[in-house]
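See below for the structure under consideration.
The values are calculated or read from the model by the stated rules, or taken from the named source; none is laboratory data. These numbers were taken from a predicted model, which means no experiment stands behind them. Positions of Cβ are generated from backbone atoms using ideal geometry, with glycine treated the same way; all protein chains shown enter the neighbour counts. Please note that ligands, DNA and RNA were not included when accessible areas were found on the heavy atoms of the full protein model with its side chains. Shrake-Rupley method; radii C 1.70, N 1.55, O 1.52, S 1.80 Å.
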Amino acid sequence: MKTYKFKTTINCGNCVKAVTPHLNKLEGIADWNVDTNNPDKVLEVSTDSLDADTIKSTVEKAGFKAEKIS
C-alpha cells in the first residue's frame, strides 16, 4: 500500500464535499482524507494501484489544485 500526500486548495468542509464523489469514484483508493487545519490543506491518499498523476488529475477535475509532496 502506498500513501501519497498532496498540497491542495481543498480548504473547507464544502470543498471536501465537492471532491468526495470524484475520489470515491476512483477504484483503487483504500482511504483518503484532507487535513483542512494544515496550512497546506494536505490530502492523503492510500492506494494499492493508483499513481500520483491519476489522483492529481482527479482532484483537478473536481476544480481544485493538487501538488504532490513527499
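Points to keep in mind about this one:
- Calculated FRET value between residue 70 and residue 12, using beta carbons and R₀ = 22 Å, to 0.05: 0.30
- Selection from 42, 54, 13 lying farthest towards where the dipole of the chain points positive, charges on Cβ: 13
- Per residue, the chain exposes 62 Å² of solvent-accessible protein surface, assessed with a 1.4 angstrom probe and all protein chains in place.
- Relative contact order of the chain, pairs being alpha-carbon contacts under 8 Å that are 6 or more residues apart, as %: 47 percent
- Size of electric dipole in the chain: Cβ of Lys, Arg +1 and of Asp, Glu -1, about Cα centre, debye, nearest 20: 220 debye
- Helix-only mean residue ellipticity at 222 nm for the chain, each DSSP H run of n ≥ 4 adding -39500 (n - 2.57), per residue, nearest 500: -10000 deg cm²/dmol
- Rolling a 1.4 angstrom probe over the chain with all protein chains present gives an accessible area of which 43% lies on carbon and sulfur atoms.
- Spatially near lysine pairs across the chain, Cα under 13 Å, sequence gap of 8 or more or different chains: 13
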